[in-house]
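Notes to accompany the following structure.
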Amino acid sequence: MREKRFSRWQLIAAVLGGALAALAAAALAAYLLIGPQALTLLQGLGVVRTRFVGDYDPAAAVDSALAGMVDGLGDRWSHYLTAEEYEAQNQRRTNSYVGVGVTVGYEDPKGLVILAVLEASPAAEAGLAAGEIITAVDGQSIAGEDRYEGGQAILGEEGTPVSLTVETPVGAVREVSLTRAALETEPVHYELLDGGVGYVKLENFYSHSAEKLIGAVDDLTRQGAKALVFDMRDNGGGYVGELTDMLDRLLPEGVIFRTQSRDGPEERVESDAQCVEIPMAVLVNADTYSAAEFFAAELREAAGAAVVGVETSGKGYSQQAIPLLGGGAMNISTARYYTGNGISLIGTGVSLDAEVALTAEKEAALRAGTLAHADDEQLQKALELLGQ
């Protein structure tokens, strides 16, 4: 029997035919799943790849397209993460990261304002201090819009060097050389105040935060605390599981969290009968966000906790980071959430029992961790409401 032979051109045609068939199948699947918009996106990518005359980074173009898609949702809680941003977020949410040990803010166009310095960190050893401004990283200015990428530039691999240009509050400039290190952040700080009130400051709702907060509450009650103040100011939230674990320990039996996804039934989380049976108060501000805001609302609703501070963000959607093939992720709203009584915080935030604002100077001191309790009007109002 004669063996069938294929010419080189027949092989090329077969390969191209297979590739075109696969592409057509992918386009059809995208059309059926998403609709005609999917073909428009593919067409746009094809136009760029085949007609654009300039040099460009394909990955950067796709990142921008995906970021624009998420922005087009009109949801202020959804955003796109590049591969680097997604990796950094995952690392940060373990309450550990590789960096130099500074918490920074973006309010000054000169660069990154140092809000706090982690103890026993490279930044602390180098003498960096709250109130100073990082204006350049490895000689590259991070002034203006570039400051929003400055934090990412400071992060890197453990043991690698980084040089920071730092301006002091009086305008003096110096260069600081540091070596990045693996660092762990402590999400909970607590103490027993005069009058037997336990003060608990929570930084976030990331990994191990519930375990740490419950441990702090147990220790304070063992010390004889007669009331508790939870400081949720400047807390950006975190994981729902950490939130509900905390609420379960603090609140009496009943529904403490409700959530509704796009297509599924309502889900409920319930607390058992074990709870904390002493008066409680919660401190909040404009940057009390997501799980932190909900924590305050649910403590007020289920345990009568006093809430003191200023209007909160009014968030009511939970987000899920959905990884994509290119390494990035869509961090998009996938569910609505409600208090145990079915109340959404969207547009209203948590109800306040006492509205008390701090001056800009005291807000800065609070973020830097240097605001004395005696000078903290919000804390003092909470203590007053607790009868102390």
Mind checking the angle between helix 58-71 and the chain's longest principal axis? C-alpha axes, 0 to 90 degrees, to the nearest 10. 50 degrees
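Loop sites only, by DSSP: take the GluC sites (Glu not before Pro) in the chain that have at most 16 other C-beta atoms within 10 Å and name the longest stretch containing none of them.
Working: sites that count: E3, E107, E119, E157, E158, E253, E266, E277, E311.
With a cap of 16 other Cβ atoms within 10 Å, the longest stretch comes to 4-106.
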Restricting to bridges with both residues inside the chain, how much of the DSSP beta-bridge set is antiparallel, in percent to the nearest 5? 75 percent
Computed over the chain: longest principal axis from alpha-carbon atoms vs helix 291-303 long axis, angle to nearest 10 degrees, is 40 degrees
The simple spin-label model distance between A286 and Q140, using points 7 Å out along Cα→Cβ, in nm, is 3.1 nm
Span from the segment 184-243 Cα centroid across to the segment 339-359 one, whole angstrom: 20 Å
Counting only protein heavy atoms and using a 1.4 Å probe, what share of the accessible area of segment 291-342 belongs to carbon plus sulfur, as a whole percent? 48 percent
Too long for a 21 Å Cα-Cα cut-off, among K226/K381; K212/K381; K201/K226; K110/K201, are K212/K381; K110/K201
Between the Cα axis of helix 240-250 and the main Cα principal axis of the chain, the angle (0 to 90°, nearest 10) is 20 degrees
Taking the chain as a Gaussian network, where each spring joins two C-alpha atoms under 10 Å apart, which residue of G99, G144, G241 fluctuates the most? G144
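Give the calculated FRET efficiency between E361 and M69 to the nearest 0.05, with a Förster radius of 30 Å applied to their Cβ-Cβ distance.
0.15
Whole number in Å², please: accessible area per residue of the chain, 1.4 Å probe, ligands, DNA and RNA not counted. Provide the component values of the computation, followed by the final result.
Numbers: 21020 Å² over 388 residues.
It amounts to 54 Å² per residue over the chain.
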Spread of Cα-to-Cα distances over 5 Å intervals beginning at zero, given as percent, for segment 107-152: 5, 24, 28, 24, 15, 4, 0
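Out of the total accessible area of segment 73-180 (probe 1.4 Å, heavy atoms of protein only), what percent is carbon and sulfur?
Working: 2780 of 5460 Å².
Ligands and nucleic acids excluded, carbon and sulfur give 51 percent.
Put S64, S163, S177 in order of accessible area, largest first, 1.4 Å probe: what do you get? Could you put the intermediate results ahead of the total?
Numbers: S64 80, S163 30, S177 100 Å².
The residues order as S177, S64, S163, largest area first.
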Once amide H atoms are placed 1.01 Å from N in the peptide plane, what residues at a sequence separation of 5 or more from K226, or on another chain, have their amide H within under 5 Å of its amide H? V197, G198
Here are some values of Cα extents along the principal axes in Å: (1) 98, 58, 40; (2) 64, 40, 36; (3) 69, 53, 36. Which one was computed from this structure? (1)
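The values are calculated or read from the model by the stated rules, or taken from the named source; none is laboratory data. This is a predicted model, so every value here is computed, not measured. Cβ coordinates were reconstructed from backbone atoms using ideal geometry, including for glycine residues, and neighbour counts include every protein chain displayed. Note: areas computed on protein heavy atoms with side chains; ligands, DNA, RNA excluded. Shrake-Rupley method; radii C 1.70, N 1.55, O 1.52, S 1.80 Å.
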